[in-house]
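K.L.:
Sharing a structure here in C-alpha cells format.
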Amino acid sequence: MSKPIIILVCFLLIILECQPPAQKQPIDITELTIAEIQKAYVNGTLTSEQLVAAYLERINQFDGLINSITRINPDALSIAKALDEEYQKTGVLRPLHGIPLIVKDNINTKGLQTTAGSLALKDFIPGEDAFIIEKLIKAGAVIIAKSNMAEWAATPWGSFSSTNGATLNAYNLEYSSAGSSGGTGSSIAANFGVIGLGTDTGGSVRLPASHGSLVGLRPTIGLVSRSGIIPAILQYDMPGPMCRTVEDATRVLEIISGYDIKDPLTKYSNGKIPNNYVQFLQEDGLKGARIGVLREISETDPDPEILALFEKAIMDMKSMGAQIIDSVRITNFANLSKNEWCEEFKHDLETYLTTYVKNDTLKTLEDIIRIGTKSDFTAKMLDFDLAKMIEHPEIKCLDVYSDQNRIALRNAVENQMDLLNLDALIYPTWNVKPYKMDSIVEEYVGSNTAVVAPPTGQPAISVPMGFMQDNLPTGIEFLGRMYSEPTLIKLAYSYEQGTKHRRSPDLEKAITKDKIH
C-alpha cells in the first residue's frame with residue numbers, strides 16, 4: 001500500500017473515532033402488536049429488555065394523568081434480559097416471548113402485592129401465581145405492572161380503590177374508565193403494555209374495553225381457570241384478555257384456556273378447545289355469517305350517539321357480506337332473566353382468605369369491615385352483603401352447569417339462535433356514555449354486558465365501534481353459544497379489520513393541557 005493511501009486511511013480512522021456516538025432512537029411502542037414485536041426480535045432490531053424499558057418509561061411519563069398502575073414489577077427488566085439470553089442461546093421464541101403484561105390487582109402474582117384495591121389486603125403478597133398467570137409466564141409474558149381496579153370489583157361505572165384512588169379515561173380525563181377492570185383498560189388503551197388481564201363478573205372486562213377502544217373477551221365459563229383470583233361472585237366471575245387487537249386477545253386466550261385441577265368447572269372444557277385459536281383470524285369471517293340483532297337489549301334507553309354508531313356497525317357488517325337478522329326476540333326473555341343473580345361474596349371471599357391469605361386476623365368478612373374502606377359505597381356494599389347472608393342463609397349460588405334457572409335462560413337464548421341459524425347476537429356493549437368523573441352516580445345504568453353472558457355462561461367479546469363527541473370510544477358486543485370462541489374470533493376479527501375504529505389516545509396533548517392548567 002502506498003504511503004499516501006496509508007495516510008488517507010489513518011486520517012479517515014481518526015475522523016471516525018472523533019465522531020459523536022449515534023443517538024439512540026426512542027422506541028415507538030404505541031399500538032405495537034405481539035406479532036410485530038416478535039418479528040422485531042427475530043430481525044434483531046429489538047430486545048425484550050429494550051421493550052420493557054420503553055414501556056416502563058411511558059408509564060413513568062404518562063400514568064400520572066390517568067392513575068391506572070398500582071405497582072411496577074421491580075424484576076421486570078431482569079426477567080426480560082433473561083428471556084433475551086434464552087433466545088440468543090436457543091433461537092426459539094416462546095408464544096408470548098418478552099411480551100409486556102399488565103395484570104388486574106385481584107389476580108394473584110407471586111411476589112407482587114394483590115389487594116383488590118382494599119385496605120384489608122394492602123400488604124398481601126401471594127406466595128404463588130394464579131393458574132392463568134403461571135401459564136402466561138411459561139409462555140414468556142413479562143409482568144411489568146399491576147393495575148388499579150374498583151375496590152373488591154364492586155362497581156362497573158368506575159374504578160376507585162382505597163389503595164390508589166380513581167382511574168381516569170385515557171381518551172378524556174374528565175370521564176370514567178369504567179370498572180371494575182378500569183386500570184387494565186386505561187393502561188392498555190394508553191399503550192403502557194401490550195396485553196392486559198381483567199376479570200368480568202357482570203361486564204368488568206367488556207365495559208372498560210368499550211370505554212378504552214379495546215377488545216375485551218369474556219370466555220365461556222369453564223374455558224379459563226378462576227383459581228387464585230379474589231372473587232366478586234365466583235359463579236359468575238371470569239378472567240379475560242383486554243388488548244388493542246382481536247389477534248392479541250386471541251393469542252392470550254390460546255395460552256390461558258384449559259383444565260385446572262383447582263377449578264372444577266374447567267373439566268367441561270375438555271375436548272372443546274381447538275389446537276389453536278389463531279386459525280380463526282379470518283378477514284372475510286363475516287362473509288355469509290348470520291348475525292342477530294338483540295333489540296331487547298339495544299333498545300333499552302340508548303344514547304342517540306351510541307345507537308347511531310350501532311346502526312352504522314350493522315350496515316358495515318352487511319357490506320362485509322353478513323346476513324343481518326334484525327329484532328331477534330328470545331322467548332320469555334324478561335321472565336327468564338329475573339332472579340338469575342345470587343350473592344355469595346361472603347362465602348367466596350372467606351374461602352379465598354383461608355386458601356391464600358392465611359392470616360389469623362383476616363379470615364372473615366367482618367374482619368374486612370372492621371379494617372374499613374375509603375369508599376362510602378364499598379362500606380355499604382360490605383355491610384349489605386353481611387346482613388343479607390345472615391337474613392337469607394338458604395340462598396345458594398350454583399354454577400352455570402347446575403343451576404336450573406341459568407340453564408333455562410341459556411337454552412332459551414341458544415334455541416332461538418339455532419332456530420334462526422345464527423352465528424352470534426349483537427348489541428352495544430353499553431347504551432350510555434362514560435360517566436363524568438365529577439358527576440358519577442352510583443347506579444348501574446345502560447350496561448348490556450350483565451344481561452346474558454354472566455348468568456348463562458356464554459362467551460362474549462366487545463370490539464371498538466367508533467367514537468362519540470368528546471373523543472369518547474364505545475364498543476359493540478358479539479355473543480355466542482357455549483364454547484363458540486372460534487366463531488366469535490372470526491366475526492370480531494373480520495369486523496375489526498373492516499372498520500379499523502381503534503386509535504390511540506393523545507396523552508402528549510393531555511399532559512400539555514394539564515401543565516397549562
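The values are calculated or read from the model by the stated rules, or taken from the named source; none is laboratory data. Please read these numbers as outputs of a predicted model, since none were measured by experiment. Neighbour counts run over all protein chains shown; Cβ positions are idealised from the backbone, glycine included.
K.L.:
One residue is enough: does segment 83-104 have a residue meeting the conditions touching a residue at least 24 places away in the same chain (Cβ under 8 Å) and farther than 20 Å from Ser48 by Cβ?
P.N.:
Scanning segment 83-104 turns up at least one residue that is touching a residue at least 24 places away in the same chain (Cβ under 8 Å) and farther than 20 Å from Ser48 by Cβ.
K.L.:
Also: Filtering segment 423-479 down to residues that are among the small types (Gly, Ala, Ser) and out of contact with any strand residue (DSSP E or B) (no Cβ under 6 Å at 6 or more places or on another chain), which residue is nearest to Gly179 (Cα to Cα)?
P.N.:
Step by step, filter segment 423-479, then rank; the result is Ala450.
K.L.:
I'm trying to understand the selection: among the residues of segment 111-151, which are within 19 Å of the chain's Cα centre (by Cα) and small (Gly, Ala, Ser)?
P.N.:
Hits for segment 111-151 are Ala116, Gly117, Ala130, Ala139, Gly140, Ala141, Ala145, Ser147, Ala150.
K.L.:
If I filter segment 368-384 down to residues being more than 14 Å from Phe345 (Cα to Cα) and of a type in the set (D, E, K, R), which single residue comes out as farthest from the chain's Cα centre (by Cα)?
P.N.:
The selected residue is Arg370.
K.L.:
Okay, next question. When you scan segment 268-282, do you find a residue that is surrounded by fewer than 15 Cβ atoms within 10 Å (Cβ to Cβ), in a helix (DSSP H, G or I) and of a type outside the set (S, T, N, Q), even just one?
P.N.:
no
K.L.:
Another one. If I ask for residues that are within 25 Å of the chain's Cα centre (by Cα) and of a type outside the set (Asp, Glu), which ones from segment 313-345 would you list?
P.N.:
Ala313, Ile314, Met317, Trp341, Cys342, Phe345
K.L.:
Let me ask something else about it. Can you say whether Asn191 is polar (S, T, N, Q) and either out of contact with any Leu (no Cβ under 9 Å at 6 or more places or on another chain) or part of a helix (DSSP H, G or I) (or both), as far as the supplied structure shows?
P.N.:
Taking the combined requirement at face value, the residue does not satisfy it.
K.L.:
Okay, moving on. Being touching a residue at least 40 places away in the same chain (Cβ under 8 Å) and either over 30 Å from Leu168 (Cβ atoms) or under 22 Å from the mean Cα position of the chain (by Cα) (or both): is that true of Ile79 here?
P.N.:
No.
K.L.:
Is there a residue being among the hydrophobic types (A, V, I, L, M, F, W, C), in contact (Cβ under 8 Å) with a residue 40 or more places away in the chain and surrounded by fewer than 24 Cβ atoms within 10 Å (Cβ to Cβ) anywhere in segment 192-199?
P.N.:
no
K.L.:
Does Thr115 satisfy being of a type in the set (Ser, Thr, Tyr), surrounded by fewer than 24 Cβ atoms within 10 Å (Cβ to Cβ) and in a loop (DSSP other than H, G, I, E, B)?
P.N.:
So Thr115 does not fit the description; no.
K.L.:
Please go through segment 42-76 and pick out each residue that is outside any helix (DSSP H, G or I) and touching a residue at least 12 places away in the same chain (Cβ under 8 Å).
P.N.:
Just the residues of segment 42-76 that are outside any helix (DSSP H, G or I), to begin with: 44-47, 67-75.
Across segment 42-76, the qualifying residues are Leu46, Thr47, Asn67, Ser68, Ile69, Thr70, Arg71, Ile72, Asn73, Asp75.
K.L.:
Among Ala408, Ala492, Ala450, Ala412, which is the only one that is touching a residue at least 40 places away in the same chain (Cβ under 8 Å), of a type in the set (A, V, I, L, M, F, W, C), out of contact with any Lys or Arg (no Cβ under 8 Å at 6 or more places or on another chain) and assigned to a loop (DSSP other than H, G, I, E, B)?
P.N.:
Ala450
K.L.:
So how many residues does segment 405-427 have that are surrounded by 22 or more Cβ atoms within 10 Å (Cβ to Cβ) and touching an Asp or Glu at 6+ places or on another chain (Cβ under 7 Å)?
P.N.:
Going through segment 405-427 one residue at a time, the tally reaches 4.
K.L.:
Any residue at all in segment 32-53 that's closer than 30 Å to Met437 by Cα, aliphatic (A, V, I, L, M), at pLDDT 85 or above and surrounded by 12 or more Cβ atoms within 10 Å (Cβ to Cβ)?
P.N.:
yes
K.L.:
Step by step: first the residues of segment 204-242, then only those that are crowded, with 24+ Cβ neighbours inside 10 Å, of a type in the set (S, T, N, Q) and farther than 18 Å from Leu488 by Cβ, then the one that is modelled with the lowest pLDDT. Which residue is that?
P.N.:
The qualifying residue modelled with the lowest pLDDT is Gln235.
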